[in-house]
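**Student:** One structure is given below, represented as structure tokens, and several questions about it will come after.
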Amino acid sequence: MLVKASAKFIRISPSRLREVMNTIRGKEVIAAEGILLNIGKRAKGYIDKVLKSAIANAKVKGFSPSQLYISKITADVGPIWKRFKAAAFGRASKIQKRTSHITIELDIKNR
């Protein structure tokens, strides 16, 4: 791990994030940004924001994006907001609003 960035309490389920993460895992940073531009999922916005943050952290440390790749990318489960919705015959059905924690780690290609 050379550079790390994370976002916590993101209001999207981890399984939806992992669909997009699997497409860019292990790719070079510039290629991953290009892939994220062409994906039609809502999760790409959250992942792109964290990836740009990691790139900015790398620039502060003196690395260029062309020499970096995504060494680790995870979507961990955050707290679940529990809500109830009215159902038939006076009952209530459960609604679970899931949240996620995104972590991206970048490393140098030659390492």
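**Student:** Among Ile108, Asn57, Ile47, which residue has its Cα furthest toward the positive end of the charge dipole of the stretch 3-108, with +1 on Lys/Arg Cβ and -1 on Asp/Glu Cβ?
**Tutor:** Ile47
**Student:** Full extension from Phe89 to Asn38: what is 0.36 nm times the residue separation minus their Cα-Cα distance, to one decimal in nm?
**Tutor:** That pair, Phe89 and Asn38, stretches by 13.8 nm at full extension.
**Student:** Same structure again: Taking the Cβ of Arg83 as the center, what net charge do the other residues with Cβ under 9 Å away carry, scoring Lys and Arg +1 and Asp and Glu -1?
**Tutor:** +4
**Student:** So what is the relative contact order for the chain, in percent, with contacts set as C-alpha pairs under 8 Å and at least six apart?
**Tutor:** 43 percent
**Student:** Would you work out the charge dipole size for the chain about its Cα centre, treating the Cβ of every Lys and Arg as +1 and the Cβ of every Asp and Glu as -1, and quote it to the nearest 20 debye?
**Tutor:** 640 debye
**Student:** So which helices of the chain fit the span-like rule, where a helix is a whole DSSP H run, its Cα atoms reach 24 Å or more along the axis, and its mean Kyte-Doolittle is at least 0.5?
**Tutor:** Helices passing the filter in the chain: none found.
**Student:** So, one more: What length, rounded to one decimal in nm, is gained on full extension from Thr74 through to Ala56, with 0.36 nm per residue of separation minus their alpha-carbon distance?
**Tutor:** Details: separation 18, 0.36 × 18 = 6.48 nm, distance 1.90 nm.
That works out to 4.6 nm of additional length.
**Student:** Anything over 31 Å Cα to Cα? Flag those among Lys44/Lys82; Lys61/Lys97; Lys4/Lys41; Lys8/Lys85, in the order listed.
**Tutor:** Going by Cα-Cα distance, Lys61/Lys97 fall outside the 31 Å limit.
**Student:** Would you calculate the volume per residue, in Å³, of the smallest convex hull containing every Cα atom of the stretch 1-99?
**Tutor:** On the way: hull volume 9.5 nm³, N = 99.
Each residue corresponds to 96 Å³ of Cα convex hull volume.
**Student:** Continuing with this model, one more query. Fully extended, how many nm does the chain gain between Ile108 and Met1 (0.36 nm per residue separation, minus their Cα-Cα distance)?
**Tutor:** Full extension of this stretch gives 37.6 nm more.
Every read-out reported here was derived from the displayed coordinates using simple, explicitly stated rules and does not represent laboratory data. Just so you know, these numbers come straight off a predicted model, no measurement behind them. Neighbour counts run over all protein chains shown; Cβ positions are idealised from the backbone, glycine included.
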